[in-house]
Amino acid sequence: MLSPVPVVLVSCGGIKGWKANLITIAWAGNVCSDPPMLSIAVRPDRYSHAIIKTTGEFIVNVPSTDQVKATDWCGVVSGRDVDKFAGTGLTPAPGRKVACPMVMECPLNIECRVRKSLELGSHTLFLAEVVAVQVSSEVVDARGRLNLQKAGLMAFAHGHYFALGHHLGHFGFSVRKRKKRGRT
């Protein structure tokens with residue numbers, strides 16, 4: 001299996017008779033640039049599955065290493081039984097384009113509307129269009145780019161959480177031509 005993968009807190013509910021909920025997801029990823037889309041895979045027996053299927057929207061909240069304990073906890077308890085926002089101390093805040101809440105403490109929040117769902121076997125794949133993105137100003141550099149070192153993002157592999165490491169290069173750095181130095 002492909003590892004590591006991002007670990008995210010998906011928020012849903014708070015609308016259409018559903019209480020607000022959080023679910024930890026390790027199977028999430030980008031799927032399209034234009035329009036911007038991503039996917040999450042959710043088991044049908046999870047409480048959040050019915051919420052997302054009914055409401056057609058969710059927010060992918062990308063937690064930092066500061067939220068690792070809350071992220072883990074949201075993955076092992078059910079929203080059927082507990083209020084995960086209250087249980088973690090995380091703060092729900094209104095989305096800009098969707099009705100479900102985002103997690104204020106997460107440095108990155110991606111609001112999504114489901115365009116299609118695919119029943120794949122053990123999981124349903126929700127393909128969703130990104131309709132809004134919020135990024136904490138604390139993790140944006142002077143050029144307006146997300147600074148991964150400041151964001152403190154994490155990944156998941158083989159049942160363990162990992163902090164993302166050092167910057168290794170940028171796209172195309174392996175073929176970039178070096179500038180020639182002039183003689184003095």
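Any read-out appearing in this document is the output of simple, stated calculations on the displayed coordinates, not a laboratory observation. Because the structure is predicted, anything quoted here is derived from the model rather than measured. Methodologically, a virtual Cβ is constructed for each residue, glycine included, from the backbone with ideal geometry; neighbour enumeration extends over all protein chains shown.
Identify all residues within the stretch 115-139 that are buried (at least 18 other Cβ atoms within 10 Å of the Cβ), over 13 Å from the mean Cα position of the chain (by Cα), part of a strand (DSSP E or B) and not aromatic (Phe, Trp, Tyr); write none if there are none.
124
Quick grid of which residues meet (1) closer than 26 Å to residue 152 by Cβ; (2) buried (at least 19 other Cβ atoms within 10 Å of the Cβ); (3) not acidic (Asp, Glu):
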residue: 5; (1), (2), (3): yes, no, yes
residue: 58; (1), (2), (3): yes, yes, yes
residue: 64; (1), (2), (3): yes, yes, yes
residue: 80; (1), (2), (3): no, no, yes
residue: 88; (1), (2), (3): yes, yes, yes
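Any chance the stretch 147-169 includes a residue that's among the small types (Gly, Ala, Ser), loosely packed, with under 10 Cβ neighbours inside 10 Å and over 16 Å from residue 6 (Cβ atoms)?
yes
Out of the stretch 142-184, which residues are touching a residue at least 24 places away in the same chain (Cβ under 8 Å) and either of a type in the set (Gly, Ala, Ser) or assigned to a loop (DSSP other than H, G, I, E, B) (or both)?
Hits for the stretch 142-184 are 151, 152, 155, 157, 158, 163.
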